[in-house]
C-alpha cells in the first residue's frame, strides 16, 4: 500500500522513519503483555519485560535487533528511572547506612572479581580476558533492583537504602577497576590518572549527596519565582538531571549515577506534580531499558557445550559471590536484611554488558568470552527479581505516594 | 579526565554514549532558556525554542548537528504532542466544523501549490523542482499551531477546532499531492494506487474519528479491569498511540496524524492521571521537536543573492496563500476566526522539510531549491506564532484543565 515514502519526519533514511512507530509498538506492547502474564503467574513483571527482549530479539523471533535508537531509548529509560528513584530518597538516609553500604560495595567488588578471574584462568583463557570477566562480575545494575523496589513500594526499607547507597559506591569502585583493567589491556599504567579519577569521582558523589539537597532547597524556589514557565520546577529538575549526567560522564562514572544524584539532590525540592510528570516519562521508557537487556542475548551462541558450561559456571559464581560478598558486608543489619542486600546486588544487567563491549572494542576479549559475559549479565538480571520477591515477603509496601507502577 | 571509556551504556560506539547526556542538556537547556527570554519580551516561547535550534545548529554555533538520535527524539516529541492535543478534543466537535475545515484544507492546498509552482517556473527552475516546491507549500505543520494553542489554553476555541480538523484533512490531501508528485518525478503514473490510497486514508481517518471514541469507552474499562498494572489505563493509551501511528504510516499518512486520532479516540476514556503522565512525556520531548526544526537551517546557504531572493519570495507566497486560501474557506465563521484559521495553517515546519528531503532523495530537487524550501519551512514556522498571538488577543484561556505548559 505505501507506494510513496511516508512523510514521516526528518530522518536521513525514510525507511527508518516508518519503522520507528513499529519498533515502539513492538517493544512497548510486548513488554507490557509479558509483564502482565508474569504477574498473573506470581512472578515479577520486570522479568517478563526482559524476557520480552529475549523473545523479540535474535534468540527467538528476530523481529527487533539491538540498534542505536533502541540503545538511546533504553539509556533514557534507565536515566529517568534512577532520577525518579533518587527523588524518593533522602540523602541523609543514605548516609545513615553509609558504613554498611561501603562494606557491602567492597565485598561485592573483591569476591566476584577474583572468583571470575580464577574460573577463567582455570578454564584456560588468557590472562586479560580473565581480568575482563572479573571486572564484568563487579558491575551492579542498580536499575533492575531499583525498578523492582519502586514497583513494589519497598524503597523506604532499610535494606533498600543500603542497596542504593552500595550501588553508587559500587559504580565508583567499578570505574576504578575498569580503569585499571583498561590500563593493563593497553599495557600502560597511569597511577596518577587512576588516583585523580578516584578523588574526583568521590568528591563529586559525596559533594552532591551531602550538599546538593540543601543548596537546591535554597536556590530552586528563587529561580522558579523568576520564570513564567508553568512547569518551571519540573523543567529545572530535568535540566539538573541532564547536567549532572553530563558531569558524571565527564568524570568517568555512569550517567545513571549522575541521574540518581540529581534526583537525590532534588528530592526535597519537588512536589507531587514534578513526581507525576517524571513518572510519565519513566513509564514510557523503562520498558525499552528492560527489553534492551533481553535483546542482547543470542541463544545460538551457546550451541557449543564449552561456552554453555562456562556460562553456567560464571553465572553461578556471579550469583553466589555477590550474595556472600555483599551479604557479609550487611550482616550488621541482621541476617534477613543481609540476604536482601546480597540478592539486590546480584543483577549485572547493562553494566556488565558495557564491560564486555569495552573488551570487544579494545580487541582483548574474543566472541566466546563475550557471549559468556552477556549470558551472565542477562541470567543474573532475570534471576534476582524472583529471589527479591521471596526475600522481601512480609514487608508491607509504603503508601502509593512512594510507589511506582508495576514493573 | 575521562581516560577510560565511560561505562555509559549499550551503545555500539562508546563516544556516542558519552555525548547523549550532553546533547540532551544542550538542546533542552537552550530551548528552555530562549523560551523564557522570548516570553520576557512578549513573544511566544515556541519561537524561542526554534531559534534555539538555529543558534545551536550549523548556522551559528554548530554545537549540535542534525542526527538520527535527534530526529527520533523530535519525532517522539511531535507524536506525543499530537496525542496530547487529541486528548483535549472531542471528535464530535471536529465534525461540527467539518464542512468548514474541508473548505479550509482544500483552499490551503490549491492556492499554495499553484502559486509555489508558478514562482519557480517564472524564476526558471525545471518543471519537477517547481512541482516539489508547490507540494512543500501545501504541507501544514499542525504541531506548531497545536503547541501554541495548547500552551495558551486556546484549544477549545472554534477557530482552534477548525484548524485541527483542517490540518488532518490537509495531511490526507498532502499525501495525495505527494504521491502524485512522486509519480511524476519517477515518470510512472499509478491512478489505481492513488485512488486506493485516497480511499483507505479517508476510511481510516473518518472511521477512527467517528467510532473510535465510543468503541474505546466500551472496551478500555473492560480490559483495564483485567490488568494488574497500576498504570493500566495510561499504558493502554500508549499502546493505542503507537498502534495507530503504525497504521497511519502503513497507510501512507503521517505518524502524527495517527497519534492525533489515537488521542481523539481516547479523549473520553482518560482521567486527569493519564493526561498528567502524557504531559510529562511531552514536556520533555517537545523541545527536541522545536529545536530540530531550527537546526535544519544553514544561514550560509543563503549567501547567494538569487537563493536569498527566491527564499523571500517563496516564504512571502507561503504566508499569503495559506492566509487567503484557508481564510477564505473559513469566512463562514466570521472574519476574525477566518483570520485566525488562515494564520494557524501557515507553519510548514517539519512537514515541508520532509517534502524537500524526498525530492533530494529522488534526485529531482537540487541543493539550492532544497535550501529555499527549508528557509520557507523555518520562516513560516517562526512567523506564525507571533501573528497567532495577535489574532487570538482577547480570548480568555480556558481553565488549567486544558492548558499545557508554556511552549
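Before moving on, here are some points about what is shown:
- Residue match in the stretch B:332-343 (condition: in contact (Cβ under 8 Å) with a residue 12 or more places away in the chain, touching a helix residue (DSSP H, G or I) at 6+ places or on another chain (Cβ under 9 Å) and over 28 Å from residue B:44 (Cα atoms)): yes
- Filtered residues of the stretch B:211-240 (kept if assigned to a helix (DSSP H, G or I) and at the interface with chain A (Cβ under 9 Å from one of its Cβ atoms)): B:226, B:232, B:234, B:235, B:236, B:238, B:239
- Residues of the stretch B:44-102 that are touching a residue at least 24 places away in the same chain (Cβ under 8 Å), more than 30 Å from residue B:211 (Cα to Cα) and in a loop (DSSP other than H, G, I, E, B): B:44, B:57, B:58, B:59, B:60, B:63, B:64, B:65, B:66.
- Residue in the stretch A:85-104 that is surrounded by the fewest Cβ atoms within 10 Å (Cβ to Cβ), counting only those that are under 19 Å from the mean Cα position of the chain (by Cα) and at pLDDT 90 or above: A:102
Here's the yes/no breakdown for (1) closer than 19 Å to residue A:143 by Cα; (2) touching a residue at least 24 places away in the same chain (Cβ under 8 Å):
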site	(1), (2)
A:219	no, no
A:222	no, no
A:246	yes, no
A:267	yes, yes
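- Residues of the stretch A:248-273 satisfying the condition of being more than 9 Å from every other protein chain (Cβ to nearest Cβ), surrounded by 19 or more Cβ atoms within 10 Å (Cβ to Cβ) and not in a loop (DSSP other than H, G, I, E, B): A:257, A:260, A:261, A:262, A:263, A:264, A:265, A:266
- Any hit, the stretch A:376-388, residues being without any contact (Cβ under 8 Å) to a residue 60 or more places away in the chain and either at positive phi or surrounded by fewer than 24 Cβ atoms within 10 Å (Cβ to Cβ) (or both): yes
- Residue check for residue A:55: at pLDDT 90 or above, more than 8 Å from every other protein chain (Cβ to nearest Cβ) and within 28 Å of residue A:242 (Cα to Cα): no
- For residue B:179, the stated conditions hold: it is in contact (Cβ under 8 Å) with a residue 40 or more places away in the chain, farther than 28 Å from residue B:275 by Cα and assigned to a helix (DSSP H, G or I).
- Helices (runs of 4 or more DSSP H) fully within the stretch B:275-375 counting 3 or more residues that are more than 12 Å from chain A (Cβ to nearest Cβ) and surrounded by fewer than 24 Cβ atoms within 10 Å (Cβ to Cβ): B:305-329, B:335-344
- Qualifying residue in the stretch B:106-115 (condition: crowded, with 19+ Cβ neighbours inside 10 Å and within 12 Å of chain A (Cβ to nearest Cβ)): no
- Of the residues making up the stretch A:138-152, those that are in a loop (DSSP other than H, G, I, E, B) and more than 23 Å from residue A:335 (Cβ to Cβ) are A:139, A:141.
The values are calculated or read from the model by the stated rules, or taken from the named source; none is laboratory data. This is a predicted model, so every value here is computed, not measured. Don't worry about glycine lacking a Cβ; one is built from the backbone with ideal geometry, like all the others, and counts go over all protein chains shown.
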